[in-house]
Amino acid sequence: MAPATSAVREGGLEGIIVADTRLSEVDGEGGRLVIAGYDVEDLAGSATFEDACALLWGSLGDAKGERERVAREVAAGRVLAFGRLPRLGDALEREEGMDALRAAVAHLSERDGFASPARLTGAVAVFASAWARVRAGASPVAPDPSLGHAADYLRMVQDRKPDPARATALDAYLVTVADHGMNASTFAARVVRSTGSDLVSSVVAAIGALKGPLHGGAPGPVLDMLDSIGTPERAASWIEGELAAGRRIMGMGHRVYRVRDPRAAVLERATLELQRSGVSTGRLELACAIERAAEGALAARHPDRALRANVEFYTAVLLDALGLDRTCFTPTFAVGRMAGWTAHVEEQRATGRLIRPSSRYVGPRRARA
Ligand code: COA
């Protein structure tokens, strides 16, 4: 069946269907996210990241053997990528994690063994953690292929094996962000693949799109906001000041959701579970107070447009509680979204169809001579 690619409509690009997908569905009105047939609330917390990868990459059944194969391949990708670190030029010296990730992934090619979603997904976790280590003045930590992807990623960043509660929380995060419909970075990846280009190039484009603060770049600034506000009593006046100055409140609002982003609730729950297991989740209370204040202030200004917490709001709280530096937040988002990007790229490849949207010309017209 040919995918529907409709022409540009009056009023913008929202709602235009550019692909049929079996990977995920975002219901903006109902606040529901289904990933490979499962509600995100059910998947996060019960599935590992590798389970989610196996679902997205094609084994929709519960075949245990297939999940184990995927886990082995992702781990093999980590090992292979670690061996590649000395040949990444100055990629890991970039100031920004997403610049480092883009440059590092751009060094890979299918000929070097990175032709599969699993291998490339393993590589991105190694590059993100190696960049974090180099930035902190330390040496990259080699992967341990016997660990799950989430646990090994934390271990490679922090140079110590995480306790099960932290590994479970990061697994929940990676699963939660694994895929999300036709978001900007996924679209970018699919467009590149649709030209007949390769998997690595498609993922490089996606990393570039995810970097922006209106997409994946928001969680670091969310933590900056929590720091600036400091105490719950200051939340309302600080938010009012930002809105009066014409600035946006990071972690609030969404292009598709007209209710609270369901992923915010999943990550809030994961943070609470971490707290129950004895891990300090320092900023959770403050974050809840700021969310309430921001929701109220935005509702007063935009009574017809529900602007509520999105995934980035509680990403900041959870990843901070896991001890990740805020500069690692967006690269960690990329570690999780690799599952979805690569699945979409494969799905696009299978269609063999070029994505070629239209634009509406609004420039001058001169009479033909
Ligand atoms: N803070 C303040 N105002 C906001 C806002 C926010 N977070 N999000 C939207 N608005 C305002 C817009 O400025 C616009 O106001 P106007 O009508 O007076 O111009 C109005 O709400 C409607 O916004 P809309 O154009 O429908 O939002 P969008 O779909 O273009 O934007 C986001 C969606 C995510 C880009 C936007 O909500 C945003 O910038 N959020 C903060 C960044 C963020 O958290 N990004 C991560 C997304 S997962």
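Stretching the chain fully between residue 184 and residue 240 yields a gain of 17.2 nm (0.36 nm per residue, less the alpha carbon separation). Most tightly packed first, judged by the mean number of other beta-carbon atoms within 10 Å of their residues, the peptides 66-75, 270-279 read 66-75, 270-279. Applying both filters, DSSP loop and at most 15 other Cβ atoms within 10 Å, to the chymotrypsin sites (Phe, Trp or Tyr not before Pro) of the range 266-343 eliminates every site.
For the chain, take N as its residue count and report Rg(C-alpha) divided by 2.2 N^0.38 Å. Write out the running numbers ahead of the final one.
Working: Rg = 20.6 Å, N = 369, 2.2 N^0.38 = 20.8 Å.
For the chain, the normalised Cα radius of gyration is 0.99.
Phi angles across the range 38-50 convert, under the Karplus curve 6.51 cos²θ - 1.76 cosθ + 1.60 with θ = phi - 60°, into 3J(HN,Hα) values of 10, 5, 4, 5, 7, 6, 5, x, 10, 10, 7, 4, 5 Hz, Gly and Pro given as x.
I'd like the distance separating the alpha-carbon centroids of the range 304-353 and the range 60-109, in whole Å. Distance between centres, Cα-based: 16 Å.
Antiparallel versus total DSSP beta bridges in the chain: what percent is that, nearest 5? Around 90 percent antiparallel, to the nearest 5. Rg and Dmax over the alpha-carbon atoms of the range 149-219 stand at 15.0, 44 Å. One decimal place: the segment residue 42-residue 299 gains 89.6 nm when fully extended, by the rule 0.36 nm per residue minus the C-alpha distance. In a fully extended conformation the segment linking residue 93 and residue 22 would gain 21.7 nm over its present Cα-Cα distance, using 0.36 nm per residue.
Distance between the C-alpha centres of the range 216-257 and the range 161-193: 23 Å, rounded to the whole angstrom. Among the trypsin sites (Lys or Arg not before Pro) within the range 236-267, those in coil by DSSP and having at most 14 neighbouring Cβ atoms inside 10 Å are 247, 255, 258.
Sparsely packed loop sites in the range 162-261 (the chymotrypsin sites (Phe, Trp or Tyr not before Pro) outside DSSP H, G, I, E and B with at most 11 other Cβ atoms within 10 Å) do not occur.
Using just its DSSP H runs of length 4 or more, each adding -39500 (n - 2.57), the chain gives a mean residue ellipticity at 222 nm of -17000 deg cm²/dmol after division by all residues.
Every read-out reported here was derived from the displayed coordinates using simple, explicitly stated rules and does not represent laboratory data. Not measured: the values here are computed from a predicted model. As a convention, Cβ positions derive from the backbone with ideal geometry for all residues, glycine included, and neighbour counts pool all protein chains shown.
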